[in-house]
Amino acid sequence: MFTLEIDGTAVAVINSDEASAKDLFTCDGFKEDIRTMTTGGKPLWNGTSPLKVRAATEDEVEIFEDALAEDDGEGDFVDDPHHTETDSDDADEADIVFLVDIDEDEDEADA
């Protein structure tokens, strides 16, 4: 497993090999997503800080595994148009768990 780190903060963990983790964490669509996502009212990524991909720590792996164990599969999954051109035959899709609290959209909070 690999972790995305921004400005010294571990932001997300992915269960994939290093090459796939780097590809996903640095693709334009993901970068756009993390630039618009906020935590504590601040953008997750400022658009200029380096995106560091490193091996996940034991604690990060445990958080990842606990999060997947708690996931009942009934969340509000929405297809990301940035990633629709990927091969649908790929059975080994990676999971990403954010290690920081992501602010909810105001529209979602009002629902």
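Observations
- Positive contributions from Lys and Arg (+1) and negative ones from Asp and Glu (-1), summed over other residues with Cβ under 13 Å from the Cβ of T3, come out at -3.
- Only Cα pairs under 8 Å and 6+ residues apart enter the sum, and on that basis the relative contact order of the range 1-71 stands at 37 percent.
- For peptides 9-20, 40-51, sequence by mean Cβ density within 10 Å, most packed first: 9-20, 40-51
- Separation of alpha-carbon centers, the range 1-16 and the range 26-70, rounded to whole Å: 5
- Taking label positions 7 Å along the Cα-Cβ direction at both E32 and T9, the computed distance is 2.3 nm, reported to one decimal.
- Of M1, M37, the order by accessible heavy-atom surface (1.4 Å probe, DNA, RNA and ligands excluded), from most exposed downward, is M1, M37.
- Cα extents for the range 1-46 along the principal axes, largest to smallest and rounded to whole angstrom: 32, 20, 15.
The values are calculated or read from the model by the stated rules, or taken from the named source; none is laboratory data. Quantities reported herein were computed from a predicted structural model and do not represent experimental measurements. Don't worry about glycine lacking a Cβ; one is built from the backbone with ideal geometry, like all the others, and counts go over all protein chains shown. Ligands, DNA and RNA are excluded from the accessible area calculation, which covers all protein heavy atoms including side chains. Shrake-Rupley method; radii C 1.70, N 1.55, O 1.52, S 1.80 Å.
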